[in-house]
2 protein chains.
Amino acid sequence: MDRTISPLEKARLGYRPAGPAVLAAGTARVKPTDGEASASRDQADSLRESFPDLFGAPAVRFESGTADRARRPLTVGVVLSGGQAPGGHNVIAGLHDALADWHADSRLLGFLGGPRGVFESNHRELTPAEIDAHRNTGGFDMIGSGRDKIESTDQLAACRATSSKLGLDGLLVIGGDDSNTNAAVLAQYFVTHGQPTVVVGAPKTIDGDLKGGGLEASFGFDTATKVYSELIGNVERDARSAKKYWHFIKLMGRSASHVTLECALATRPNIALIGEEVRKEGWTLNRLTERIAGAVRERAAAGRPYGVCLVPEGLIEFLPEVGALIEEINGLLAGGVDGAALSQRLTPQSAGVYEALPDRIREQLLLDRDSHGNVQVSRIDTEVLLIETVRRRLAEDGEYKARFQAQHHFFGYEGRCAAPSNFDADYTAALGRVAALLIAHGKTGYICRVGNLAAPAAEWTAGGIPLTSFMTREKRKGEWMPVIAKALVALDGAPFLEFAKHRDAWQSDDAYVYPGPIQYFGPAEVTERTTATLQLEAGER
Amino acid sequence: MDRTISPLEKARLGYRPAGPAVLAAGTARVKPTDGEASASRDQADSLRESFPDLFGAPAVRFESGTADRARRPLTVGVVLSGGQAPGGHNVIAGLHDALADWHADSRLLGFLGGPRGVFESNHRELTPAEIDAHRNTGGFDMIGSGRDKIESTDQLAACRATSSKLGLDGLLVIGGDDSNTNAAVLAQYFVTHGQPTVVVGAPKTIDGDLKGGGLEASFGFDTATKVYSELIGNVERDARSAKKYWHFIKLMGRSASHVTLECALATRPNIALIGEEVRKEGWTLNRLTERIAGAVRERAAAGRPYGVCLVPEGLIEFLPEVGALIEEINGLLAGGVDGAALSQRLTPQSAGVYEALPDRIREQLLLDRDSHGNVQVSRIDTEVLLIETVRRRLAEDGEYKARFQAQHHFFGYEGRCAAPSNFDADYTAALGRVAALLIAHGKTGYICRVGNLAAPAAEWTAGGIPLTSFMTREKRKGEWMPVIAKALVALDGAPFLEFAKHRDAWQSDDAYVYPGPIQYFGPAEVTERTTATLQLEAGER
């Protein structure tokens, strides 16, 4: 660890996360209490079949008391799965601290490079020095991550072999919806095969789409949206100062538009498109183009030839005609048709849509492929597409005399590895402590829950929710699989309704708010502020 | 001012900038002392002809003492010129505060929308309430800015008419090299025509290319490079965590690469291209491509199929063959050749270069025009060009087996309107105070100087440097004009040498530093840190 670190990183190494008062007295002074059995679901029968030993388990809440388990040394493994999110290192640090508190001889093993590290038993014992060097830092570079799934029978068996060989009392999977689905399947597999390792999950994703059913937020969402909001606010101030450009800003979030919605609530841009609404209303590219062009015209007429428009990454799939085109291309690709031949095999309707797209977008549709060989939606420059369609529309329009000048941005990688905000630093350290408690108390198949998050950290609650209670079934690759469904933006939820109430005013006025960069020190109203999404959702509970 | 402001903006409104001890006792307790006469230059004769009353004036230093001027109310105008830079509002606030301190009945008029506001006498008196609402904020939105120049005789006469009508004792032009050139010309014009208004300039540009000759830094450079370094650090951490992508990051700075160099010193990326070096060495696109492809190969062989490469915006013009192509296209455009015909009229050499460029870049060369009708260099996606040429080179290379995956970013607008760092907030408030003193003491044709900037603010010095001492002559539109030459990166200067000493190690190792976001509160080693550029240059003085 002879890396040069910045003064801020150094100062943050000494930050001591705040956390639930109930956990403050140490792991010996906490006992689990069972709550209600998991609510039944539509798919209950099928899920019970998939998870005979887990389905219907009660939620768990940790309360002050005396732990009724023998305080023997625990050996626990931890793995990071999927894309980076701020706070991952603190989950590991929290887990480490609570395990050491439970018994000084406990050991924490980090699996390297994601789930593959578990299959291949590639791990390293995490020492206190290494943990200390990563407290409150961003990134997943301490042990790496990976996108492998734990799905096939071979993979499950390999995880069992590793757990058995290492004598793992517990395994913490830090990941998003798919990784937590894998954790549930693994937990059941271990029970079925008599492997005593407790498997628990921690909710990670900057997209914010792993929540609901008692889970209030995924970690990383707070920090990432604050980084994007800092930049959006700066761009808004630039737009208003220069009075010259429309800025189209694409934000991460393929399935759900929580990131765009949160950033809109934080910065009040002129336009923010929400994928869930576009899908529900069935708005076409043509319709959206007209809506944006209308805003451009209206603002120019009011002496404001500038603006800011937020675009969620996944928008393009929600436009019915473009979504159909992408689906057709994926179907042709699966059938072995590729290259120039692709565009000739489209249905007349999709061919028409394809022909109307700008060159750059057509090229991206035909050339960029994801690892499954599908159109790589995340690489399509939707923000550039909208600029081009709006530009054409305004050019056709005799009325619009001003020059339409636009800039485009994509904010994604800039926020995934930021050092966690105080909120995320606190939340993740608490999640790690909760993971240790769930493992110590033998609660397998749970996701760590820290609740009451809109209140000060001392008032947070701690516990676990059965992973199966989030599950439904989806057809994947032709087979019905139990999955944790992504939580989409609720169009009748408080965050969207708040946005919908104000958006017309934000479109015509300059109601911009400039949040500025994340502050780690200073007045509490600046440093301890959570997301608008979390605050508004707390008001609904 | 019923705008909703963020908690951080609110907290920052109360920040009281630190400043030179010599100014702390108030405007009545400071007197100007003449330094040496301006050093003579190659162009001295010609410059003396252009500036008969200004050329050769001595530098001025403000020292403790008693002001020997009558403390009568002053009426002063201020104008923001050109692109945004963090701290502009604080220059105005500092000017306002010092004028009020000089005499309670002084008035400050803000010209609206840049220099055009002066020609057209479009202004507003800036009230204490309006000033207070903009303290320590980013953006130029208080009075707006504009890109008009003050050059033609009509414009000079219009400025004189406005100054005369409003009874201006002084006019502060806040701008970059061109705007300060205009300020010098205007100062001489006023003297020549008996207009008693004192004209002074303040050094503004995030590009950092207005410095030297006693001027240590332009304001905004500190804040903007800190915003970019925050983002670069986050992307570096992402690259190292995901171990998958090469990130190519374009940064603002067309003529000079100070921004890229400063960000490289702050974040230690694997590669940073410096335009001045590329030009001096005559490196071609082919050569640069091979250099980057070599780094990609070397890192992949060491198990690091990822990296970060910084690219200055202006790089493309410094590549001899591409620069020649752009010049040819500009020549053809000036001759009325446009559109598809352009590419047919190129010389064989340039046609070859043109044909080898990716489609997207060719399109940008042929279609994007700046306001002078030239190729819009700033909109050419140089970062995408390099990704494409490197990708092709690696594909031709039988040895390279890994997949080259790249992401591109452009950071520019994200930093121009950030709220100023403590350094820039302090520096700009001091510049504004110095402007008031220069005006009160009748020092026309000066640029505000605050010096010893690498030391704590209390030790800063205050004074003025004759604008003419920065000047040389350049041929513009066929005529010899006095201009302030942009300060380029000195390849024998301490910042570049520091970079050059380490860059090979930074290329192969992961020496990344993650500066994190600007902090306004907290430990001084975090909040009061200036740029590496300034610190290293201070070591040379």
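Go through A:116-125, A:333-342 and give me the packing order, highest mean Cβ count within 10 Å leading.
Averaged packing, sorted descending, gives the order A:116-125, A:333-342.
May I ask you to report, in nm to one decimal and beginning with the shortest, the distances from B:Lys31 to the same position in the other copies, taking label points 7 Å along Cα-to-Cβ?
Label point to label point, same position, other copies: 8.3 nm.
Using only Cα atoms and rounding to the nearest 10 degrees, what angle (0 to 90) does helix B:422-440 make with the longest principal axis of chain B?
Approximately 40 degrees, to the nearest ten.
Given axes a ≥ b ≥ c from the Cα gyration tensor, I'd like to know whether chain A is rounded (a/c under 1.5), prolate (a/b larger than b/c) or oblate.
Verdict is prolate for chain A.
Please compute the net charge surrounding A:Ala67, taking Lys and Arg as +1 and Asp and Glu as -1 over other residues with Cβ under 10 Å from its Cβ.
Around A:Ala67, the surrounding residues sum to +3.
If you count, for every residue in B:108-119, the Cβ atoms of partner chains within 10 Å of its Cβ, what is the mean?
Averaged over the peptide's residues, the number is 0.
Once you average over the residues of A:133-141, how many Cβ atoms of partner chains fall within 10 Å of each Cβ?
If you average over the peptide's residues, the count of other-chain Cβ atoms is 4.
For A:Lys244, which lysines qualify as cross-link partners when the Cα separation must be under 17 Å and same-chain residues fewer than eight apart are set aside?
A:Lys401
Treating the point 7 Å from Cα along Cα-beta-carbon as the label, what are the nm separations from B:Arg48 to the other copies, to one decimal?
Taking the point 7 Å beyond Cα along Cα→Cβ, the inter-copy spacings are 10.3 nm.
Say a label goes 7 Å from Cα toward Cβ at B:Asn122 in every copy; what distances in nm does this one have to the rest, shortest first?
List, nearest first: 6.3 nm.
To the nearest 20 debye, what charge dipole does chain A have about its Cα centre, counting +1 at the Cβ of each Lys and Arg and -1 at the Cβ of each Asp and Glu?
540 debye
Work out how much length B:Thr472 to B:Ala538 would gain on full extension: take 0.36 nm times their residue separation and subtract the Cα-Cα distance, in nm to one decimal.
21.3 nm
Sum -39500 (n - 2.57) across every DSSP H segment of at least 4 residues in chain A, then divide by the residue count to get the 222 nm mean residue ellipticity, nearest 500.
Here the helix-only value at 222 nm equals -13000 deg cm²/dmol.
Sorted by accessible area with a 1.4 angstrom probe, largest first, how do B:Thr468, A:Thr192 fall?
The ranking, largest first, comes out as A:Thr192, B:Thr468.
Dipole magnitude of the range A:248-304 about its Cα centre, charges +1 at Lys/Arg Cβ and -1 at Asp/Glu Cβ only, in debye to the nearest 20?
Roughly 160 debye for the range A:248-304.
What's the local net charge at B:Ala242, with K and R +1, D and E -1, over the other residues with C-beta under 12 Å away?
+4
Calculate, for B:Glu63 and B:Asp105, the FRET efficiency according to 1/(1 + (r/R0)^6) with r their C-beta to C-beta distance and R0 30 Å; round to the nearest 0.05.
0.65
Pull out the extension gain between A:Ala455 and A:Thr284, defined as 0.36 nm times the separation in residues minus the alpha carbon to alpha carbon distance; nm, one decimal.
57.5 nm
Mind checking the mean number of beta-carbon atoms from other chains within 10 Å of the Cβ atoms in A:409-421?
Taking all residues of A:409-421 together, the mean is 6.
Can you give me the angle between helix A:285-301 and the longest principal axis of chain A, using Cα atoms only, in degrees from 0 to 90, rounded to the nearest 10?
70 degrees
Can you say what percent of the DSSP beta bridges in chain A, counting only those with both residues inside, are antiparallel? Round to 5.
Given both bridge residues lie in chain A, the antiparallel proportion sits at roughly 45 percent.
Which residue is it, in chain A, that holds its beta carbon closest to the axis of the A-onto-B rotation, and how many whole angstrom away?
Residue of A nearest the axis onto B, distance in Å: A:Pro517, 2.
If we count every other residue with Cβ under 13 angstrom of A:Pro58's Cβ, Lys/Arg +1 and Asp/Glu -1, where does the sum land?
+1
Amide H neighbours of B:Arg268 under 5 Å, at least 5 residues apart or on other chains, H built in the peptide plane: list them.
B:Val513
Taking both sides together, what accessible area is buried at the A/B interface, probe 1.4 Å, expressed in Å² and rounded to the nearest 100?
Buried area (both sides, nearest 100 Å²): 5100 Å².
Excluding residues fewer than 8 places away in the same chain, name every one of the lysines whose C-alpha is closer than 18 Å to that of B:Lys204.
B:Lys149, B:Lys226, B:Lys486
Please work out the C-alpha center-to-center distance from the range A:96-152 to the range A:336-402 and express it in whole Å.
Result: 43 Å between the Cα centres.
Which of the peptides A:73-86, A:314-327, A:47-60, A:487-500 is most tightly packed, and how do the rest follow, going by the mean number of other Cβ atoms within 10 Å of each residue?
The packing order, highest mean first, is A:73-86, A:314-327, A:47-60, A:487-500.
Normalised by the number of residues in the range A:161-296, what is the relative contact order in percent for Cα pairs under 8 Å and 6+ residues apart?
Across the range A:161-296, relative contact order equals 17 percent.
Quick one: what are the phi-derived ³J(HN,Hα) couplings along the range B:385-393, Karplus 6.51/-1.76/1.60 with θ = phi - 60°, whole Hz, x for glycine and proline?
For the range B:385-393, the Karplus-derived couplings read 4, 5, 4, 5, 5, 5, 4, 4, 4 Hz, x marking Gly and Pro.
In percent, how large is the relative contact order of the range B:48-171, given Cα pairs closer than 8 Å and 6 or more residues apart?
Relative CO of the range B:48-171 lands at 32 percent.
Would you work out the charge dipole size for the range B:149-276 about its Cα centre, treating the Cβ of every Lys and Arg as +1 and the Cβ of every Asp and Glu as -1, and quote it to the nearest 20 debye?
In debye, rounded to 20, the range B:149-276 gives about 480.
The values are calculated or read from the model by the stated rules, or taken from the named source; none is laboratory data. Remember, predicted model here, so these are calculated numbers, not experimental data. All Cβ positions, glycine included, derive from the backbone under ideal geometry; neighbour counts span all protein chains shown. Note: accessible area is taken over every heavy atom of the protein model, side chains too, but ligands, DNA and RNA are not part of it. Shrake-Rupley method; radii C 1.70, N 1.55, O 1.52, S 1.80 Å.
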